[in-house]
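The structure appears below as structure tokens.
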Amino acid sequence: MRKTSYVVAFFAVVTTLALNILSARRPDWLIVNNPEVLHSRVTVQYGLTQRCDRQVIVIPGLPEGSRLAYTDYKCRPFPNRATDSCEKTNKTFCMVWSTAGYFTELGVGFGVVACLALLFGVSTHSRRRRIWRAVAGLTALHVLFQLLAFAVVTHLYRLSMFPSFDRARPGTAYVLNTLSWLLGVLVTAGIVTTGISANKGHRWAAGNRAYRPIEG
């Protein structure tokens, strides 16, 4: 593969990695807006490792655009063994939800290694010739674990496996994760296509120094 292809692939993988990290750290994979009670409304955000509650005071008698006053924002670990009944009624949910968090961490790890492999491969022509398969494999694993996290959260959300999930909606972290694995699929396909084309000697992929079999 050409050095330019490796540089483009590096920045593409870095982009997917950044999206993955942001989605993993944000506490808003799913958002529940509870109905107003006694001029107070609570919005609950569920992340892979924490839950955040935002209490909003609705001040009556004011114009519609200025009736809300944010009063409190608290986060705690989620799921919590005692608070979220992880030892009893929600045991399966807690185990599966926590698995989604592990998937994102594995995805980040493979993404970092893929970036290092790209930097290593760009150094010499001979390395670029050989290492694209390893880069494609690492990028594929990076995408796979993001997709698994997405599938787990979507499954639990659609089945309302946790109380209040029937009133939840996807949040920003959910969208970032979706964008990340979609982009990752395209990047992986691009690396594989370019690598195979370079091996076949196509100049657009291999450059002026097209690959040729090494004669014994």
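Would it be correct to say that Thr154 is touching a residue at least 24 places away in the same chain (Cβ under 8 Å) and either in contact with a His (Cβ under 8 Å, 6 or more places away or on another chain) or part of a helix (DSSP H, G or I) (or both)? Judged against the criteria, Thr154 is not a match.
Among all residues of the stretch 157-167, there is at least one that is at pLDDT below 95 and touching a Ser or Thr at 6+ places or on another chain (Cβ under 7 Å). Scanning the stretch 160-176 for residues that are under 26 Å from Thr16 (Cβ atoms) and outside any strand (DSSP E or B) turns up Gly171, Thr172, Ala173, Tyr174, Val175, Leu176. Anything in the stretch 132-163 that is surrounded by fewer than 20 Cβ atoms within 10 Å (Cβ to Cβ) and over 22 Å from Cys86 (Cβ atoms)? List them, or say none. Correct list: Arg133, Ala134, Gly137, Ala140, Leu141, Leu144, Leu147.
Scanning the stretch 64-97 for residues that are outside any loop (DSSP other than H, G, I, E, B), closer than 30 Å to Leu17 by Cα and either out of contact with any Leu (no Cβ under 8 Å at 6 or more places or on another chain) or modelled with pLDDT under 90 (or both) turns up Tyr73, Lys74, Cys75, Arg76, Pro77, Thr92, Cys94, Met95. Just to be sure before I move on: is Arg76 under 16 Å from Arg25 (Cα atoms), surrounded by fewer than 18 Cβ atoms within 10 Å (Cβ to Cβ) and of a type in the set (Lys, Arg) in the structure I sent? Against the criterion (under 16 Å from Arg25 (Cα atoms), surrounded by fewer than 18 Cβ atoms within 10 Å (Cβ to Cβ) and of a type in the set (Lys, Arg)), Arg76 qualifies.
The values are calculated or read from the model by the stated rules, or taken from the named source; none is laboratory data. Note that the coordinates shown come from a computational prediction; the quantities given were computed from them, not determined experimentally. Quick reminder, even Gly has a Cβ in these numbers, built from the backbone with ideal geometry, and neighbours come from all protein chains shown.
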